[in-house]
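Read through the structure below, which is laid out as structure tokens, and then see the notes.
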Amino acid sequence: MPDRVATLSQNFEAQAQKYGSRAFLKDKRDKVWTDHSWTEVSEAAGKLRAGLLGLGVRPGDRVAIMSDNCPEWIVVDQAVLGLGAIVVPLYTTSGLEETAHVISDSGAKVIAANGPEMVKKILGLSASIPDVAAIVAMHSGAESAPAANGTPAVMSAASVSGDAPAAIVEGSGDDLATIIYTSGTTGVTKGVMLSHGNLLANCEDALAALLLNDTDMTLSHLPIAHSFERTAGYYTVAMAGGTIAFAESLGQIASNLTEVEPTVVLTVPRLLEVIHSRVMRTVETSPPMRQRLFKMALTAGEQAAEYRHRGKPVPPLLALSMALFRRLVFARVRAIFGSRIRYLISGGAPLPTEINRFLSAAEVPIVEGYGLTEAAPVVACNLHNGKTRIGTVGLPLKRIQVETAPDGELLLRGPNIMKGYYKLEAETKEAIDENGWLHTGDIAKIDVEGYISITDRKKEIIVLSGGKNVSPAYVEGKLVGDKFISQACVIGDRRKHLSALIVPDYENLVDFLKENNLDPKNADALAKSRELKTLLQTRIREINKQLSDVEAVASFTVIPQPFTQENGELTPSLKIRRKVVQAHFQQQIDSMYGD
């Protein structure tokens, strides 16, 4: 890590000077992985910085970025930060209304867009974003177009970039680096203002916890527009002097993992659930002998993990069994993530305990983290250093203070806490009290050793008509733990009982559909089929036995298509936006209650 610096751009330039021709970024183009050196990225950022100056971008101005993960994202980010301007990330999956809101609310002056579709999307919003002066097209071969009929000018990054790099401006840790619009589960977005100091403090503390170094490499597949990937998967890796490889797409992650052999992968529980489901399906279709071997291995692996998590040596007999199971069973599970993996970090949503125990048993180095954009974002992580407590999100990072309010809400204080919500003074005062504590909105318990357990969202508690409080997230976790249920949204606020919208796991239902002569391609017909509903009813009845009477799901409706980001039903970290889902399926919900 370079000597203490005031800004992210100063940190990056110090690293570029240090590492020079070494690879900083990798991406795959025309089926070949290409390295981009520190010097190359620094010079490209400097030349674009000169061009942005020519467009009139000055310290404090906002520049938005709409792009999937790629080297160009980093170049634009460093160009803007080095100007003392403010980066506003845009999600490529956001709808037109949300995109227009973020651009307009932030007052973005310039938008960097990667790809013809992204440029077209921005141009289509021209009437809603009159203050945008220019669109910089980041992709190679981009064509320029003058401003016309109320649309901003489009310029290729190549034409904008200057002949000589512009130096970075002097800055302070208090300077605003970015405004990240939180895609809350309510669907309401607010601009979180994070300073250079907020982000650098979080990077330094994460680096101290994970002990990353310049031999580490990440495979970046979560959107950099999300604070988790941006801070932990980009800025922290840059601070460590490591390398970032960009996955081709979600569908190519499996092959990319084995191609680049990363040491660190940031991911979300949904992807791990899919991997777990596929492994279990393979086991279930294996010969009986292999199934028994897997079950024995899993039992031994969970026992061995208990010792490791407590920092105790594994007993000799168990260690001997593990040596055998490691070679015969777990090697295949570990191979999914490549041979060099040091940290598989899950964040964005709670990791189901079953998945955590499975990966731990297979000796996959799983780390569950917790954070929120307002905290820049990493708050705690459950490290595998003899201090792991499955069921918690671990211990807070070094400089983060934690405590709970009388109602159980988790409060945070530290150098990583946001400056506030952009142009929302009342909301800022509601979120950060007079003593500097950030109110997270999460209900938590902190044990005597300092481990944090997140039990619910403060505003997502369902209050049944009988007055009983129920955690929808807890019930949903039980439902999606079933191999035949892919997604679930629990309903019931001010109702007499709980109901659920269920998206089946069609991949795990292949054999069932075949046995019952059901067409797997006709999702609408499947959702209405008596056979599928009877199967799910049986599964949910078993799940209800694990729940209290008030938590039991009394009725459900099968939803044919998954909840997605594109239709606004999921956040970018794949959490359910409950209000949006309920609005989309109001008729089905009412019918479950006889309304």
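Some points to look at:
- Hey, Leu518 of a type in the set (A, V, I, L, M, F, W, C), over 20 Å from Ile576 (Cα atoms) and in a loop (DSSP other than H, G, I, E, B) or not: yes
- Exactly one residue among Val378, Val402 is under 19 Å from the mean Cα position of the chain (by Cα) and under 27 Å from Glu430 (Cα atoms), and that residue is Val378.
- Any hit, segment 536-545, residues being surrounded by fewer than 20 Cβ atoms within 10 Å (Cβ to Cβ), part of a loop (DSSP other than H, G, I, E, B) and not acidic (Asp, Glu): yes
- Single match in Glu261, Glu273, Glu229, Glu204 (criterion: farther than 24 Å from Asp68 by Cβ and charged (D, E, K, R)): Glu204
- Odd one out for Tyr422, checked against (1) crowded, with 16+ Cβ neighbours inside 10 Å; (2) assigned by TED's automatic domain parsing to the domain that holds Glu354; (3) touching a Ser or Thr at 6+ places or on another chain (Cβ under 8 Å); (4) modelled with pLDDT of 95 or more: (2)
- Those residues of segment 216-240 which are outside any helix (DSSP H, G or I), small (Gly, Ala, Ser) and touching a Ser or Thr at 6+ places or on another chain (Cβ under 9 Å), in sequence order: Ala225
- Any hit, segment 523-535, residues being of a type in the set (Asp, Glu), in a helix (DSSP H, G or I) and either modelled with pLDDT under 95 or outside the structural domain of Gly95 (by TED's automatic domain parsing) (or both): yes
- Selection status of Leu532, buried (at least 16 other Cβ atoms within 10 Å of the Cβ) and either charged (D, E, K, R) or under 27 Å from Thr282 (Cα atoms) (or both): yes
- Number of positions in segment 303-326 that are surrounded by 15 or more Cβ atoms within 10 Å (Cβ to Cβ) and closer than 16 Å to Ile390 by Cα: 7
- Residues in segment 237-272 that are closer than 17 Å to Thr215 by Cα and among the charged types (D, E, K, R) were compared, and the one that is nearest to the chain's Cα centre (by Cα) is Glu261.
- Condition met for Arg541 (out of contact with any Pro (no Cβ under 9 Å at 6 or more places or on another chain), in contact (Cβ under 8 Å) with a residue 40 or more places away in the chain and either under 22 Å from Ile589 (Cβ atoms) or assigned by TED's automatic domain parsing to the domain that holds Val470 (or both)): no
- Within segment 245-269, the set of residues being outside any helix (DSSP H, G or I) and among the β-branched types (Val, Ile, Thr) comprises Thr263, Val264, Val265, Thr267, Val268.
- One residue from Arg389, Arg399, Arg413 being among the charged types (D, E, K, R), touching a residue at least 12 places away in the same chain (Cβ under 8 Å) and touching a helix residue (DSSP H, G or I) at 6+ places or on another chain (Cβ under 6 Å): Arg399
- Test: residue in segment 379-396 that is under 21 Å from Asp174 (Cα atoms) and either hydroxyl-bearing (Ser, Thr, Tyr) or crowded, with 21+ Cβ neighbours inside 10 Å (or both): yes
Condition check ((1) within 16 Å of Lys121 (Cβ to Cβ); (2) crowded, with 24+ Cβ neighbours inside 10 Å; (3) free of Cβ contacts under 8 Å to residues at least 12 places away in the same chain) across all residues:
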site	(1), (2), (3)
Ala64	yes, yes, no
Cys70	no, no, no
Tyr91	yes, no, no
Ala100	yes, no, no
Ser104	yes, no, no
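- Of the residues examined, Gly162 is one that is in the same structural domain as Thr99 (by TED's automatic domain parsing) and either at pLDDT 95 or above or not in a helix (DSSP H, G or I) (or both).
- For segment 270-352, the helices (runs of 4 or more DSSP H) that sit wholly inside it and include 1 or more residues that are in the same structural domain as Ser255 (by TED's automatic domain parsing) and acidic (Asp, Glu) are 288-309.
The values are calculated or read from the model by the stated rules, or taken from the named source; none is laboratory data. Quick caveat, the model's predicted, so the values are computed rather than measured. For neighbour counting, all protein chains shown are included, and Cβ atoms are generated from backbone atoms with ideal geometry for every residue, glycine included.
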